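The values are calculated or read from the model by the stated rules, or taken from the named source; none is laboratory data. Being a predicted model, the structure only gives us computed values, none of them experimental. Here the Cβ positions follow ideal geometry from the backbone for every residue, glycine too, while neighbour counts run over all protein chains shown. Accessible surface areas use protein heavy atoms only, side chains included; no ligands, DNA or RNA. Shrake-Rupley method; radii C 1.70, N 1.55, O 1.52, S 1.80 Å.
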Amino acid sequence: MEETFYQLEEGMIPTGLPGGFFIYEADCNERILFADKNIVHLYGCDDYEEFIDHVGGSFKGMVHPDDLQKIENQIKAQTVFVEKRHDYVRYRILTRDGEVRYIEDFGHILHWKNGRSFYYVFIVDVDKNEYFNRSRNSYAEAEILSADQETDPLTGLFNMSFFYQKIQNMLQFPYGRRQDLSFVQFDIPNFKLYNERHGFKLGDELLCDLARTISETFEGATVARFSDDHFFVCDTVERDEVIARVEEVYKRMLLTEDLNKKVRVKAGIYFLDDRYPEVGLACDHARLACNSVKSRHDVNYCIYDEMLRERLRRQQYVVDHIDEAVEKDYIKVFYQPVIRVKTGKICGYEALVRWKDPKVGLLSPGDFIETLEQFHLIHIVDRFVVKKVCMDYKALVEAGEPVVPVSLNISRLDFELCDIFGIIEKTRAEYDVPRDMLDIEITESALNDNVGYIKSECEKMRALGYRIWLDDFGSGYSSLNTIAEYDFDVLKLDLIFLRSFDRNPKTGTLMCYIMEGARGMGLQPLCEGVETTAHYEFLKKAGCELAQGFYFGKPMPMQETRALTCAKGLEWETEK
């Protein structure tokens, strides 16, 4: 292009330069008010009208669509949300012919007295290599370092520190404190596994898609990526609208056309109830709410409320006091009888754990087992139970009381956190407990983790003389193939079967088939959850060998359950 000047009323602007000047309104529409001829030609247009048509009359249309979210966040971070009024950013543009060019943008925001604002911007076309050059920065180019400190380089969203700063600054003013603020965390469950399956490139694309979906759905909100797959939103709309937006994000990510990017995102919501809050604490509440539903398949989000707060307090109490509870015998072992259906005699007990705390009272397994597993502390309790069962057995033998085998529940995490079978062997030997007096219960879900190691350990224990039970069969995604892959002695049907049996006759037929199949493979079927005479009579007709439930006795301390046994006229089995 010929380097000439064209005359304006106020002066002259040289043409043919790889850069130019434009003005746009600093509002949500970002309407362009002026662009000189160098800008027009930079975008491959012949005149101003053609340029306006090409970019849609807005600054948004001047930026490459893949860069827009990142750039707008960087500009706002440098001008709107901090004291300085100028910005420096780099982005790509698309000319009218589809050519990609690389741009440096030097902008300044100016304000009328009535509050209306405008961006005065000078942009320069730079060589692609120079665009990516970060080693030789001029004073102006050094401003990009500021942008890097405020935005996430992958998604273009604000980063955690700037999110905290922006929201905390807003809350310093009365207007900010009067707004109804909500904090939302979005998370992709098992994102590390997603990266392993699909690769980091597709993982990064998924994160960018989620960032874009959240930004578009939560229009006008402050959106940030804290780390990995953790995204946070601060919004000022009404509560129902926040929930609707969360559900919209979930639907859009699940219904995407790319099958490799269909994910079920989880969300935690915290509606601010403190006028002088700490932003970090508010985000923690949203994070805790999100974490509480990560392993659930029936809900997509959770709202942090008093109930959840109390549950988390109880959870923290468990974590903080588990060592003390074991040391001071607050952890109690209860025993529930197992009946041989054919004879009606007690042929065993299941050892179950309770927590009698002097401050909070009796804690059931549901109050602390899941927490201990989540925090990888469950082995502390399981080791204690093994020792207490062996101690109780020895005490019964020394007192001349009849004894039957006791089954021990083993957590899947015991295989990772300790040598659980080694502990059982050592403790058994210490208290002179025969191996056939200790049965090992392993939940079916445990077999999905670390399959090879768990299988080999079970085979080793079975070879030594222990009986291995498959516990909770039918409580989750049960597979008959699991029974064939492992060598078990007892198949324990979950209590969900008998609960369903009361209202659905088909369940009885299904149970009969399962028990027949178990017997055909050399397993003894055991059904738990027996609560009525009808249950017991059905199991007799179905050929179930073992039964357990409140009909025979609730879990109790050893002396109490034995006293109840005597009162009911039940006998202990002396021969199998």
Could you check how much of the accessible area of the chain is carbon and sulfur, as a whole percent, using a 1.4 Å probe? 50
Quick one: length gained pulling Lys554 to Glu537 fully straight, 0.36 nm per residue minus the C-alpha distance? 4.2 nm
In the list (1) 16, 36, 24, 16, 6, 1; (2) 20, 49, 27, 4, 0; (3) 21, 53, 23, 3, the entry giving P(r) over Cα pairs in 20 Å bins from 0, in percent computed from the coordinates is (1)
In square angstrom, what is the accessible area per residue of the chain with a 1.4 angstrom probe? 51
Roll a 1.4 Å probe over the protein heavy atoms and report the accessible area of Trp112 in Å², nearest 10. 140
Can you tell me what share of the DSSP beta bridges in the chain is antiparallel? A percent to the nearest 5 is fine. 70
Given 0.36 nm per residue, what is the gain on full extension from Asp228 to Glu430 after removing their alpha carbon distance, in nm? 67.9 nm
Set the Förster distance to 41 Å, then compute FRET efficiency between Glu247 and Ala567 from the Cβ-Cβ distance, nearest 0.05. 0.15
Once the Cβ-Cβ distance between Glu49 and Glu238 is put in as r, and R0 is 45 Å, what FRET efficiency do you end up with, to the nearest 0.05? 0.60
Distance-filtered residues of the stretch 8-49 - backbone nitrogen under 15 Å, label point 7 angstrom along Val80 Cα→Cβ: 24-31
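What is the calculated FRET efficiency for Ala484 to Ala395, with r their C-beta to C-beta distance and R₀ = 41 Å, to the nearest 0.05?
After rounding, the FRET efficiency stands at 0.55.
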The stretch 310-387: proportion of alpha-carbon pairs further apart than 22 angstrom, %: 30
Near the amide H of Cys527, under 5 Å away, which other amide H atoms are found, from residues 5 or more places off or on another chain, if H is placed in the peptide plane? Leu493, Leu546, Ala547, Gln548
If each DSSP helix of 4+ residues adds -39,500 (n - 2.57) and the sum is divided by the residues in the chain, what number results at 222 nm, nearest 500 deg cm²/dmol? -12500 deg cm²/dmol
